[in-house]
Amino acid sequence: MVRLTGEQRKEILAQLESDLANNVIGIGDLVKQVRTQLYGMTQTQYAKFIKVSDKTLRDIEKGNTDPRVSVLNKILAPGGFQLSVRSVRRDI
């Protein structure tokens, strides 16, 4: 487990949020960075912590799956992230 001050945690989260918003990192990288930088856990430890299978976590981090938003929110919740789906409107 990584021991961070509140300020260090805020800095990491701000950087990750910025990187995601600017397409510097993808969802899989975000998951991995939350797991490693904020918690210092292995995939097995983090999967157990958030109650998902090792395979699911591994596949998401590698970009080998297109998980549901609910699964991603479960995985990212410990980092304080929540994803949402924007509705798309098309004028006919």
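Some points to look at:
- Per the Kirkwood formula applied to alpha carbons, the chain shows a radius of gyration over Rh ratio, Rg over Rh, of 1.01.
- Placing unit charges on the Cβ atoms of the charged side chains and taking the dipole of the chain about its Cα centre, the candidate lying farthest along the positive direction among 22, 37, 57 is 57.
- Pairs of lysines in the chain whose Cα atoms sit within less than 22 Å of one another amount to 13, provided the residues are eight or more positions apart or on different chains.
- The stretch between residue 84 and residue 22 holds 20.6 nm of extra length on full extension. This uses 0.36 nm per residue minus the Cα-Cα distance.
- Structure-based [θ]222 nm, the chain - -39500 (n - 2.57) summed over DSSP H runs of at least 4, per residue, nearest 500: -15000 deg cm²/dmol
- Accessible-area composition of segment 6-79, carbon plus sulfur, in percent [1.4 Å probe]: 48 percent
The values are calculated or read from the model by the stated rules, or taken from the named source; none is laboratory data. Predicted model, so just to flag it, every value in this text is computed and none were measured. Note that each Cβ is placed from the backbone with ideal geometry, even for glycine, and that neighbours are counted across all protein chains shown. Accessible surface is based on the protein model in full, side chains and every heavy atom, while ligands, DNA and RNA are left aside. Shrake-Rupley method; radii C 1.70, N 1.55, O 1.52, S 1.80 Å.
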